[in-house]
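To start, the structure under review is shown below, and the notes come after it.
No lab work stands behind these numbers, since they all come straight from the coordinates. Every value quoted in this text rests on a predicted model; they were computed, and no experiment measured them. Here the Cβ is made from the backbone with ideal geometry for all residues, glycine too, and neighbour counts use every protein chain on show.
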Amino acid sequence: MGALRRVGVLIVLVVVALTALSAAAGGTARHKARVTFIGDSVAGSILENPTAARYLERYFDARFDLKVCRRLVMASCVYQGVQPSTALEAVLARRGHLGQTVVIDVGYNDDSYGYKQGVNKMMRTLLSEGVKTVIWTTLYENGSSSYHTVYIHNNRVIRQAAKRWKQMRIADWNAVCQGHSYFGSDGLHLNGPGAMALAHLFRQAIVKAHLH
């Protein structure tokens, strides 16, 4: 009987370990981890391609707040008569419901002035709300000749911030999309394959962050 008990205990421990690994990897555990996605219209391409949104919802309790013309902390621009909340305002509006992981993909409507201060303000706010991991997405630098230098500058800000904030992890969209036909006619907003590629990048970044 003692040997049988030991075998039974071993089986239980293996099951517990596999369940924990599945949850860490965003698997189909009974209780999915809450992840809030805050972005502008580039990330919003995920909602325009339901397969990409469903992909993330398969692994996470995904909450999307993706708005056209959104800026980080400075007042957002206006599109078709609508001025969306800033990313910071979106965070504050979801107080108590963000979860421990937040994905930020904002910056295409920002200029270089004040972006560093905005990143720091956002990080302080997220951590004060109990967020443990922030996945910050780099901007595609080659998609706009007009704002090319701004995107390079803001990506540099993002990478430097990740060195200061141990809770920040980078999802390097700029690196992933090089050489791929992921974009619509404007060179920034995503087609179907691009939306799926961004969704895959988000999941990979989240899993990697939680395995460390």
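Taken along its three principal axes, the alpha carbon spread of the stretch 73-118 comes to 29, 27, 14 Å, from the longest extent down to the shortest. Computed from backbone phi, the HN-Hα couplings of the stretch 188-203 come to 10, 6, 9, 7, x, x, x, 5, 5, 4, 5, 4, 4, 4, 4, 4 Hz, rounded to whole numbers (Karplus: 6.51 cos²θ - 1.76 cosθ + 1.60, θ = phi - 60°; Gly and Pro given as x). Computed over the chain, the per-residue total of -39500 (n - 2.57) for DSSP H runs of n ≥ 4 gives a 222 nm mean residue ellipticity of -14500 deg cm²/dmol, rounded to 500.
Rounded to the nearest 20, the Cβ-based charge dipole of the stretch 33-211 about its Cα centre (Lys and Arg +1, Asp and Glu -1) stands at 800 debye.
In terms of surrounding Cβ atoms within a 10 Å radius of their Cβ, THR149, THR36 rank from fewest to most as THR149, THR36.
Counted over the chain, the DSSP beta bridges are approximately 10% antiparallel.
For the chain, the fraction of C-alpha pairs farther apart than 22 angstrom is 50 percent. When the Cα atoms of the stretch 77-187 are aligned to their principal axes, the ranges along those axes come out at 39, 37, 26 Å in descending order. Charge tally around THR133: other residues with Cβ under 13 Å, Lys/Arg +1 each, Asp/Glu -1 each, net +4. Taking the C-alpha atoms only, the angle from helix 148-164 to the longest principal axis of the chain is near 40 degrees. Around the Cα centre of the stretch 66-141, unit charges on the Cβ atoms of Lys, Arg, Asp and Glu (plus for the first two, minus for the last two) sum to a dipole of about 260 debye.
Between the helical axis of 115-128 and the longest alpha-carbon principal axis of the chain there is an angle of about 30 degrees. Of the peptides 127-139, 173-185, the ranking by mean beta-carbon count within 10 Å, highest at the top, reads 127-139, 173-185.
By the beta carbon rule, with partners counted only under 4.7 Å, the chain holds these lone Cys residues: CYS177. Relative to the longest principal axis of the Cα atoms of the chain, the long axis of helix 50-59 makes an angle of roughly 40 degrees.
Within the shell of other residues whose beta carbon sits under 9 angstrom from the beta carbon of ARG34, the net charge comes to +1, with Lys and Arg scored +1 and Asp and Glu -1.
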